[in-house]
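Single-structure report; data block below.
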Amino acid sequence: MPRFFEPVTGDTVQLSGETAAHITKSLRMQPGEQLTVCDNGFDYICEILSTGDPVCCRVLSSAPNASEPDLSVTLYQCIPKGDKLELVIQKAVELGVSEIVPVLSERCVSRPDSKAADKKNIRYNKIALEACKQSGRGRVVRVQPMLSFSDAVKQIADYELKLFFYEGGGTPLSKVIHPAHSCCLFIGPEGGFSPGEVQTAQNAGAIPVTLGRRILRTETAPLAALCGVMLLTGNLE
């Protein structure tokens, strides 16, 4: 059943713009057919009443989305070269990440200015939205605007788990995971984190964590970290 993301506030839902065009012109759906509208972790089964722009639907039933993890995970991903971040966004959403924040750290080779970063952010959020639809997520995962490393670290105070994945070593992931509702993951760029960044993160309460003896690429590390966190918290069963 097709899935769409739209606020649901009553017994009817109106889908407009690109969503309406997709339903009417691409999918060629007709009145009487059903689709799923997702909002804030709930799935609403809806019947189409009329097509066009807007597409008008009636809510038939609702239920909590079964695919959303009970752990909210924010990925602070230092910006990699080329289009690697697009792959990270797509796969991280499939694995259950709640939010993604691109980070400009000291050793990032790719250093987009704010204008270029804003333009890319539009594409990043489209990729995240499509991954939400494909993987059956119950809420939209946002890719936030790019932050400097220092500004990113200032945001982490309220996370119950603060994990800093460091190629220089740290505590095994299985030793630091405990029951929690919120978690943040820091992943470095191709050149890794600088010693100063490691110290800054530790001063903010982040725990240096290792994913094993092998050094993973910057596009591999966040996916391995997410898999590990989700598995150890019972969200990959």
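A few remarks follow.
- If only residues of segment 41-56 that are under 23 Å from Ser135 (Cβ atoms) and touching a Pro at 6+ places or on another chain (Cβ under 8 Å) are counted, the one that is surrounded by the fewest Cβ atoms within 10 Å (Cβ to Cβ) is Gly41.
- Within segment 155-176, tally of residues that are over 20 Å from the mean Cα position of the chain (by Cα) and part of a loop (DSSP other than H, G, I, E, B): 5
- Qualifying residue in segment 125-140 (condition: among the basic types (Lys, Arg), outside any helix (DSSP H, G or I), assigned by TED's automatic domain parsing to the domain that holds Ala201 and at pLDDT 95 or above): no
- Scan of segment 1-42 for residues that are polar (S, T, N, Q) and in contact (Cβ under 8 Å) with a residue 60 or more places away in the chain, ordered by number: Asn40
- Residue within segment 67-85 that is assigned by TED's automatic domain parsing to the domain that holds Ala157, touching a residue at least 12 places away in the same chain (Cβ under 8 Å) and in a helix (DSSP H, G or I) present: yes
- Options Cys78, Cys46; residue that is modelled with pLDDT of 95 or more and farther than 27 Å from Gln144 by Cα: Cys46
The values are calculated or read from the model by the stated rules, or taken from the named source; none is laboratory data. All values reported here derive from a predicted model rather than from experimental measurement. FYI the Cβ positions are ideal-geometry reconstructions off the backbone, even for glycines, and counts take in every protein chain you see.
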